[in-house]
């Protein structure tokens, strides 16, 4: 019963019918892309052409004045395969993400919404978009800065997620069979520990077709 309640809450959030922290703009853009690319919310097999989807996203950005280059590139902090991180101030970081880990931008925006639901302490706030000199489109998000003061024990991560219905499938990847949600790449640089509390700062959520069943 609890799983059905959570799944219904998540479905409402992903469809924009209910709210989540910093979710309004993310939901508006995701719904626009679903309509403009005529994507069924049910089908992983009916993914939009990402080039077409990106063109629709840029059209939305232009119409709504969402270009944002308010980044001090001198305050570069770190970089991974999917994003670049910059210090904004002592409490916040900025992240540029090009959605490379996702088959569609909708999947990336769904990841933000799922993160904000499950991990509100590290919720993402979408500030706008940025295009690089090489014409790569990035989403610009803001997140609380977490200063770790002890190493992360991955056994604690495993136990925490197990208590919340996520099974460890391999290495640092997890799956919630009751929800149909995958959560990957939870190594000790993506989950920080401060004062014995786990902070999930870089999540990679994927939604399986099972999520939309029942």
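Read-outs: derived from the displayed coordinates by stated rules, not from any lab. Worth saying up front: this structure is predicted, and the values here are computed from it rather than measured. FYI the Cβ positions are ideal-geometry reconstructions off the backbone, even for glycines, and counts take in every protein chain you see.
Worth a mention:
- Rg/Rh, computed from the Cα trace of the range 1-128 with Rh as the Kirkwood radius, has the value 0.97.
- Residues 211, 76, 119, arranged from fewest to most other Cβ atoms within 10 angstrom of their Cβ, appear as 76, 119, 211.
- In the frame of its principal axes, the range 99-154 has Cα extents of 39, 23, 22 Å, reported largest first.
- Residue with peak Gaussian network fluctuation, the chain [Cα springs, cutoff 10 Å], from 80, 23, 128: 80
- Choice from 159, 143, 88 showing the highest fluctuation, given a GNM over the chain with Cα pairs closer than 10 Å: 159
- Overall, the ratio between the Cα radius of gyration of the range 140-214 and 2.2 N^0.38 Å, rounded to two decimals, is 1.17.
- Relative contact order %, the range 65-194, counting alpha carbon pairs below 8 Å whose residues are six or more apart: 19
- Computed over the chain, the per-residue total of -39500 (n - 2.57) for DSSP H runs of n ≥ 4 gives a 222 nm mean residue ellipticity of -9500 deg cm²/dmol, rounded to 500.
- Here 29, 58 are placed in order of increasing Cβ neighbour count within 10 Å, fewest first, which gives 58, 29.
- Springs between Cα atoms under 10 Å define the GNM used for the chain, and in it the highest mean-square fluctuation of 103, 113, 140 occurs at 103.
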